[in-house]
Amino acid sequence: MQNLHKLLTIENSELAKILRFNLYGLAATLTKANQEYPFDAGCQVCEELLQELHQLLEPSSSDPRLIKEVGDLKQPELTNKLKLLKLKEIFNNNSELNSYLGNSHIQGQTDTEIWNEIHRKLLRVPEDVATSWRHKALELAQEVGAVVDNINLNELPFVRDEIIYPGLSGTVQAKGLCLSQTALINSEISQTHLSENLYLIAGFLLLYIKFIEIDPDLHHALKSVFSFDVVSLSAKLEQRYQYIDALSDRFHRIQRIDENTDTVLNLCAWIDIDEAIHSLVFIPPAERYSWWGKLQKESRHLLKKAADKAIKAGNEVRLKQLSGLYADVCEFSKDDLQLDCGGNPGEVLTCLRVYAKINQQQYPGRVIFRTLR
C-alpha cells in the first residue's frame, strides 16, 4: 500500500489519476460482491481490504479536482456496460409480474445484482409463471455469452438440498442460491438432539435469518413485535432483530414442551411458531403456489400433526386457515392488516395465524387482506 499511496499523492500525474479511478472501481466491485456473497469465506478479509482502500482513496485537500473528477463518472456510462440490462427492462415492464410484485422493480446496478434480484422475486410468483421467466432469463443471459452454473452457489441451511436458482459463468459471473442440509447439520443449533418436526423448525429459523440478510424486500407482520403494520426488515433494523428474537423464542418454547403430555398446550405452542413463520412476508405477500408459499406451507403440515395428536388425546379441535373473501372470514380473525396492492380487492392475501377452536375455547386468527379501494 505504501507505493500506491506515494503514486496517488503525486500532483498533476496522469498515472496517479488512472490509478485512483481504477481503485475506486475495485472498491465498488468489492463492495457489491461483499453484499452479494455474504457467506463467502473471504468476507471478513474483504471488509478489512475495503477499509484500507477507503483510507487510501481519501481525496487530498491539495488536489480538490479529484473530487470533481470522480463525480464525473456518470451512471449511464456504467449502465451501458450491463449485459443483463435488456432482461432488467423486460422484467420491470411486464404487467403480469407487476400484478404479483406490485411496485417492487429490479434495482440492481450490476449484472450479478440483476440476476439474483430477478430470481429472488420469482420465488414469490406462481410456479408456472416463475418457470417460464427462469427460462426466458437464461435465454437472454445466454445471448450475451453467459453460461448456466449449478456449482457456484450460495448455501442456505435447511433440512434438504435444493437448487433454488442457478448461477452464471462466462461473460456474466453471478452466484446462484441453494438450500443445503450440510449447512444446517454444521450449525450450532442442530448439535442438540431434535425430533423430526423440531428439526424442520430449526431449519426455518436458520433459513429465515440468512434470507433476511440477502433479501431487502422482506417484511414482518408478527403481532407480538409490532401489531399496527407490515414492517420492512431492511429499513427497520430494530424490528429485524426483534422479529428474529421472537421467532427464536417460540422455537425454544416449543422445544421445551414438545414432549409435554398436555397436548393442548403443545398445540397452542405450534400455532404460535406457525404464526411467526408465516409472518415473514413481502409486499404484496407471496402467492400461495409460489416457492415461498409452498415453503411456508410445510409449517402448516406440522401444525396439523399437532392438532391430530390433541384430537387423539380426546380434545375437540378445529383449525381453519383463513382465505377467500375477507368479509366471509373476518368473524374468525382479529387485529388484521390491510394492503392496497396484490390479489383482488376484498380478498385475503395471506393467513398469518390460523383460527382455532379447542374444547369450546376460541382463538382468533389473523390475516392480511386487500382493501376494497
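The values are calculated or read from the model by the stated rules, or taken from the named source; none is laboratory data. Small disclaimer: the values here were computed from a predicted structure and weren't measured. Cβ placement follows ideal geometry from the backbone for every residue including glycine, while neighbour counts extend to all protein chains displayed. Please note that ligands, DNA and RNA were not included when accessible areas were found on the heavy atoms of the full protein model with its side chains. Shrake-Rupley method; radii C 1.70, N 1.55, O 1.52, S 1.80 Å.
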Segment 232-265, subset among the aliphatic types (A, V, I, L, M) and touching a Leu at 6+ places or on another chain (Cβ under 9 Å), residue nearest to Cys341 (Cα to Cα) = Leu233
When the residues of segment 81-95 are filtered to those that are out of contact with any helix residue (DSSP H, G or I) (no Cβ under 7 Å at 6 or more places or on another chain) and open to solvent by 30 Å² or more (accessible area, probe 1.4 Å), which remaining residue is farthest from Phe282 (Cα to Cα)?
-> Lys81
Would it be correct to say that Ser234 is in contact with a Lys or Arg (Cβ under 9 Å, 6 or more places away or on another chain), at pLDDT 95 or above and of a type in the set (S, T, N, Q)?
-> no
State whether one or more residues within segment 111-118 are open to solvent by less than 30 Å² (accessible area, probe 1.4 Å), within 25 Å of Leu179 (Cβ to Cβ) and touching a Phe, Trp or Tyr at 6+ places or on another chain (Cβ under 7 Å).
-> yes
Provide a single number: the residues in segment 340-358 that are closer than 10 Å to Arg370 by Cα and buried (at least 20 other Cβ atoms within 10 Å of the Cβ).
-> 4
Failed item, numbered, when Leu322 is tested on (1) within 23 Å of Ile164 (Cα to Cα); (2) touching a Phe, Trp or Tyr at 6+ places or on another chain (Cβ under 9 Å); (3) assigned to a loop (DSSP other than H, G, I, E, B) = (1)
Does Gln107 meet the test of being more than 24 Å from Gly203 (Cβ to Cβ), open to solvent by 40 Å² or more (accessible area, probe 1.4 Å) and modelled with pLDDT under 95?
-> yes
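Would you pick out the residues in segment 341-364 that are part of a strand (DSSP E or B), farther than 17 Å from His220 by Cβ and either touching a strand residue (DSSP E or B) at 6+ places or on another chain (Cβ under 8 Å) or in contact (Cβ under 8 Å) with a residue 24 or more places away in the chain (or both)?
Within segment 341-364, Glu347, Val348, Tyr355, Ala356, Lys357, Ile358, Gln362, Tyr363 qualify.
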So which pairs qualify, if the first residue must be in segment 122-146 and under 19 Å from Asp217 (Cα atoms) and open to solvent by 10 Å² or more (accessible area, probe 1.4 Å), the second must be of a type outside the set (Asp, Glu) and assigned to a strand (DSSP E or B), the Cβ gap must be under 6 Å, and the two must be at least 6 apart or on different chains?
-> Pro126/Ser290
For segment 301-316, what are the residues that are open to solvent by 30 Å² or more (accessible area, probe 1.4 Å) and not in a loop (DSSP other than H, G, I, E, B)?
-> His301, Lys304, Lys305, Asp308, Lys309, Ile311, Lys312
Filter pass, Leu322 being surrounded by 16 or more Cβ atoms within 10 Å (Cβ to Cβ), more than 30 Å from Ser99 (Cα to Cα) and in contact with a helix residue (DSSP H, G or I) (Cβ under 8 Å, 6 or more places away or on another chain) | no
Can you give me the number of residues within segment 267-309 that are within 14 Å of His220 (Cβ to Cβ) and among the charged types (D, E, K, R)?
-> 1
Select, from Val367, Val329, the only residue that is crowded, with 16+ Cβ neighbours inside 10 Å and more than 30 Å from Gln255 (Cα to Cα).
-> Val329
Across segment 147-170, the tally of residues that are surrounded by 15 or more Cβ atoms within 10 Å (Cβ to Cβ) and not in a strand (DSSP E or B) stands at 3
